[in-house]
There are 2 protein chains.
Amino acid sequence: MSLQLSVDRSSPVPLYFQLSQQLEAAIEHGALTPGSLLGNEIELAARLGLSRPTVRQAIQSLVDKGLLVRRRGVGTQVVHSQVKRPLELSSLYDDLEAAGQRPETRVLLNTTVPASAEVAAALAVAEGGEVHRIERLRLAHGEPMAALCNYIPTGLLDLDSPQLESTGLYRLMRSAGITLHSARQTIGARSATPEEAERLTEPDGAPLLTMQRTTFDDTGRAVEYGTHVYRASRYSFDFQLLVRA
Amino acid sequence: MSLQLSVDRSSPVPLYFQLSQQLEAAIEHGALTPGSLLGNEIELAARLGLSRPTVRQAIQSLVDKGLLVRRRGVGTQVVHSQVKRPLELSSLYDDLEAAGQRPETRVLLNTTVPASAEVAAALAVAEGGEVHRIERLRLAHGEPMAALCNYIPTGLLDLDSPQLESTGLYRLMRSAGITLHSARQTIGARSATPEEAERLTEPDGAPLLTMQRTTFDDTGRAVEYGTHVYRASRYSFDFQLLVRA
DNA sequence: GTCGTTCGGTTGTCCGGACAAAGCATTGAC
DNA sequence: GTCAATGCTTTGTCCGGACAACCGAACGAC
């Protein structure tokens with residue numbers, strides 16, 4: 001069953017990355033069946049003309065992704081389950097698009113406002129200082145799914161309403177050169193206010209899923225704070241998580 | 001500012017792990033302030049009498065945890081923000097205990113039942129086959145917080161009601177030699193049924209937070225399926241997540 | 001037959017070195 | 001003064017090797 005692997009040394013792509021991608025593809029594609037051993041590292045390295053550390057680095061990255069399990073004295077096995085994605089920091093827009101839901105956005109508000117105490121605390125800016133405020137309605141198949149309200153420090157990027165309608169906020173931020181690093185989230189639930197109910201075409205007092213999120217870039221700066229509400233009847237958070245050893 | 005670091009070569013604890021723990025402690029403790037450079041790897045290795053790969057491994061583990069950021073040509077910086085925990089696979093019991101809430105459990109049901117279609121699909125067992133069913137009420141400060149319903153394949157571990165009342169399910173599993181690996185979760189919301197409302201001392205139709213989770217061990221076997229409901233007025237999911245590069 | 005021992009195989013840890021790539025500051029040309 | 005070229009620092013990648021720890025299976029003693 002000697003899997004077909006090869007690396008291109010003239011490519012600028014790191015060797016360990018080439019290998020890990022090929023292995024991941026083989027797993028995804030079914031060439032490496034769940035539970036099967038991967039063959040020992042030494043021999044694999046020899047077969048590819050790579051050193052063992054390089055092969056180990058490739059394997060380790062897949063272990064971190066949860067696709068492989070290593071067992072000392074046994075070998076490296078393909079994990080047996082339906083691992084999909086370990087909860088990425090993705091925007092709702094991308095999520096819907098990936099699910100083939102054809103997302104749509106209506107920008108209801110796009111302006112600057114003085115920061116409230118809550119917003120100032122989340123973004124670590126001065127209370128009363130100017131921040132962007134964006135309110136959007138997200139639809140899928142023409143049906144409202146969620147009402148999004150975001151606050152963004154001024155000067156980070158320019159927020160163009162047409163652009164906001166055609167893509168997600170995170171994608172805009174990334175293309176503005178911001179490196180997203182981490183986020184702090186709170187997910188809860190409550191009943192809809194009359195305004196929310198109308199906006200989302202739900203009955204009064206319908207249960208809503210709420211999410212607040214503050215996102216940081218790699219310098220530790222808060223770059224976004226959002227409070228969102230989702231129609232519980234049409235949306236739920238769905239993700240995979242790994243046990244960190 | 002030459003931070004006080006040292007490793008014990010006679011210890012069975014890996015050197016890179018000793019180092020990463022000391023660095024993490026230094027960050028936690030404030031000895032390494034956010035934004036400060038860590039000093040280059042070569043010099044750090046020389047100072048500790050370690051090789052560069054070992055030092056890199058230690059640093060890399062903290063990068064993976066989101067505490068450090070590396071920049072080629074610049075150095076390694078302590079990230080500037082309030083990173084706490086990146087969403088572990090922990091039980092509600094542990095969460096509450098860590099928050100100082102003194103959790104309490106009442107086992108309402110602990111028996112075996114034939115697997116319904118839903119349960120059979122989640123646990124990958126035969127429909128109609130025997131599975132454990134556990135219903136518990138989780139309280140904090142004497143107040144109901146959540147109603148938990150779990151299904152567990154038979155033969156994995158014995159489920160002792162007294163033990164279930166004094167600790168969390170995951171802790172029981174781990175001490176039974178099961179290595180938890182990953183889980184698939186869905187978080188949503190809905191209105192309480194009259195029975196749920198009474199059990200949780202909420203008004204009829206109150207919004208509830210719902211979570212379904214299937215947990216897998218490192219062989220890919222499903223070891224637990226649970227459907228839980230939380231009082232939205234008293235509980236929310238709170239976590240940090242990192243952007244995977 | 002049962003149990004402890006030994007042994008081969010595999011991953012875990014660690015070393016020392018080498019070159020490449022990227023960022024930043026300084027220098028130099030215009 | 002402005003801008004491009006240069007050089008230094010730092011991390012990124014890769015190599016080849018060595019020994020330790022652990023697992024499982026085969027072996028042998030009782």
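Readers should treat all values here as calculations from the given coordinates under stated rules, not as data from a laboratory. Fair warning: this is a prediction, and the values are worked out from it, not measured in the lab. Cβ: placed from backbone, ideal geometry, glycine included. Neighbour counts: every protein chain shown.
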- Query: So how tilted is helix A:15-29 from the main axis of chain A? Cα-based, degrees 0 to 90, rounded to 10.
  - Reply: 80
- Item | Coordinate range along principal axes, alpha carbons of the stretch A:137-211, Å, largest first | 41, 27, 22
- Task: Please identify, among A:R136, A:R184, A:R231, the residue showing maximal mean-square fluctuation in a Gaussian network model of chain A using a 10 angstrom Cα cutoff.
- Result: A:R184
- GNM flexibility winner over chain B from B:A189, B:A232, B:A46 (Cα, springs under 10 Å): B:A46
- With charges set only on the Cβ (+1 for Lys and Arg, -1 for Asp and Glu), what does the dipole of the protein assembly as shown come to about its Cα centre, in debye to the nearest 20? 1680
- Task: Can you tell me the 0 to 90 degree angle between the C-alpha axis of helix A:52-65 and the longest principal axis of chain A, rounded to 10?
- Result: 40
- Item | Mean Cα-pair separation over length for chain A, i.e. relative contact order, pairs under 8 Å, 6 or more apart, % | 15
- Place a label point 7 angstrom from the Cα of B:S233 along the Cα-to-Cβ direction, then list the residues of the stretch B:167-200 whose backbone nitrogen is under 17 Å away. B:190-200
- Message: With +1 assigned to the C-beta of every Lys and Arg and -1 to the C-beta of every Asp and Glu, and no other charges, what is the dipole magnitude of the stretch B:1-59 about the Cα centre in debye, to the nearest 20?
- Response: 180
- Choice from B:L157, B:L37, B:L209 with maximal GNM fluctuation in chain B (Cα, 10 Å cutoff): B:L37
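Using only alpha carbon positions, build the gyration tensor of the protein assembly as shown, then give the equivalent ellipsoid semi-axes as the square roots of 5 times its eigenvalues, largest first, whole angstrom.
Ellipsoid semi-axes (Å, largest first): 37, 33, 24.
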- Isotropically averaged projected area of the stretch B:87-241, using the convex hull of Cα atoms (one quarter of hull area), nm²: 9.1
- Query: Using only Cα atoms, what is the ratio of the radius of gyration of the stretch A:1-62 to 2.2 N^0.38 Å?
  - Reply: 1.04
- Task: Take every Cα pair under 8 Å in the stretch A:153-245 that's 6+ residues apart, average their separations, divide by the length, and report that relative contact order as a whole percent.
- Result: 23
- Note on the structure: Site A:L109, offset 7 angstrom along Cα→Cβ, radius 17 Å on amide nitrogen, limited to the stretch A:184-209, gives A:193-200
